[in-house]
Amino acid sequence: MDPGHPECPERLSTVLGHLRQCGILDEVDVYESTLARRSELARVHAESYLDALDRAVPESGLVHVTLDTAMGPRSLDAAKAVAGAAVDGVKMVLKEREQRVFCAVRPPGHHAEESAAMGFCFLNGIAVAAMAALDDDRVDRVAVLDFDVHHGNGTVAAFMDNPSVLVCSSFQHPHYPYRYFDVDRGNIVNTPLPAGTRGVDFRKAVEHAWLPALDDFKPQLILVSAGFDGHADDPLGDFLLTEDDFAWVTGLIADAANRHAEGRIVSVLEGGYDLEALARSVAVHLTVLGSRSSKT
């Protein structure tokens, strides 16, 4: 992105540095992602859109695909690696190579729609991963849980007519991206919350809206759009959440996975733009995912 933009390379370097300092990286297996294949991307995105992205890649410098989303020479490969990491994670957990996977990736993806980039997002990695999971004969039901401060409009749009995928999204409202927040479908659980929402109200709303839906749907795999820009220190949202709230929602997700999905979770980083708050939040997310594992 442009110099000084919050969606910057330092997001990942700060997260990984903190995880290394905390010793978390020593306790997990670390993998490099592959690039998602065109056929995998085309299950979510229109071929004409994928062609347009390919044509837009600059040889140098930046081009703005939209007013808020810029592309450099390697941006599209990075977005394909995000989707590839999520698909790789799905394959790992379904093959029982791992039970929990966290994808430390950028750029985010949950705003990308079938034929539209927006909100720093080019390709919707979490949606691509959900479609890959449904390709497995053992999986008929996938849940996508999104606690980013911004609504996961692209994911809702991708699955609002697909009852095999439950999408639960909590978000600040009214707030960007102002799309698909009022979709009325049995498999879509939108949880809008006002600016200034504190942890106690976030927890009540998520528990009230998500738990009954998850227990009724009984997902065989849970995917997470893990956005930490609801943190009180984040510059792009107006929630007042803390690391304790992210630990709580991670525990709720892990417990649901243990009940319904043999503990299987693939979590993909979305937003989070205060570097230190992001790093601390990712650390507690990983810690709870490990501590609530159903493996002995």
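The values are calculated or read from the model by the stated rules, or taken from the named source; none is laboratory data. Everything numeric in this text was worked out from a predicted model, so none of it was measured. With ideal geometry, Cβ positions are generated from the backbone for all residues, glycine too; neighbour counts draw on all protein chains shown. Note: areas computed on protein heavy atoms with side chains; ligands, DNA, RNA excluded. Shrake-Rupley method; radii C 1.70, N 1.55, O 1.52, S 1.80 Å.
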Restricted to region 169-186 and to residues being of a type in the set (A, V, I, L, M, F, W, C) and in a loop (DSSP other than H, G, I, E, B), the residue least open to solvent (accessible area, probe 1.4 Å) is 183
Working only within region 16-60, note down all residues that are of a type in the set (A, V, I, L, M) and either in a loop (DSSP other than H, G, I, E, B) or in contact with a strand residue (DSSP E or B) (Cβ under 8 Å, 6 or more places away or on another chain) (or both). 24, 28, 30, 35, 36, 42, 44, 46, 53, 56, 57
Among the residues of region 61-73, what is the count of those that are in a loop (DSSP other than H, G, I, E, B), at pLDDT 95 or above and under 26 Å from residue 176 (Cα atoms)? 2
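Yes or no, residue by residue, for (1) out of contact with any Cys (no Cβ under 8 Å at 6 or more places or on another chain); (2) open to solvent by 50 Å² or more (accessible area, probe 1.4 Å):
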position	(1), (2)
230	yes, no
248	yes, yes
253	yes, no
265	yes, no
270	yes, no
277	yes, no
280	yes, yes
283	no, no
291	yes, yes
Test for residue 226: is it closer than 21 Å to residue 154 by Cβ and open to solvent by 20 Å² or more (accessible area, probe 1.4 Å): no
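Quick check on residue 144: is it part of a loop (DSSP other than H, G, I, E, B) and either within 19 Å of residue 88 (Cβ to Cβ) or of a type in the set (A, V, I, L, M, F, W, C) (or both)?
Here the answer is no, as residue 144 does not meet what is asked.
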Provide a single number: the residues in region 132-168 that are in contact (Cβ under 8 Å) with a residue 60 or more places away in the chain, over 25 Å from residue 68 (Cα atoms) and either open to solvent by 30 Å² or more (accessible area, probe 1.4 Å) or not hydrophobic (A, V, I, L, M, F, W, C) (or both). 3
Just to verify a result, which residue in region 187-202, among those that are in a loop (DSSP other than H, G, I, E, B) and among the small types (Gly, Ala, Ser), is most open to solvent (accessible area, probe 1.4 Å)? 195
Which members of region 26-67 meet the condition of being of a type in the set (Gly, Ala, Ser), under 17 Å from residue 81 (Cβ atoms) and surrounded by fewer than 10 Cβ atoms within 10 Å (Cβ to Cβ)? 39
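Kindly evaluate residue 94 against the criterion of being touching a residue at least 60 places away in the same chain (Cβ under 8 Å) and farther than 23 Å from residue 16 by Cβ.
Here the answer is yes, as residue 94 does meet what is asked.
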Every residue in region 76-92 that is out of contact with any Ser or Thr (no Cβ under 6 Å at 6 or more places or on another chain) and buried (at least 23 other Cβ atoms within 10 Å of the Cβ), please. 79, 80, 82, 83, 86, 87, 89, 90
Count of residues meeting criterion [free of Cβ contacts under 8 Å to residues at least 60 places away in the same chain and either open to solvent by less than 10 Å² (accessible area, probe 1.4 Å) or among the β-branched types (Val, Ile, Thr) (or both)] in region 233-244: 2
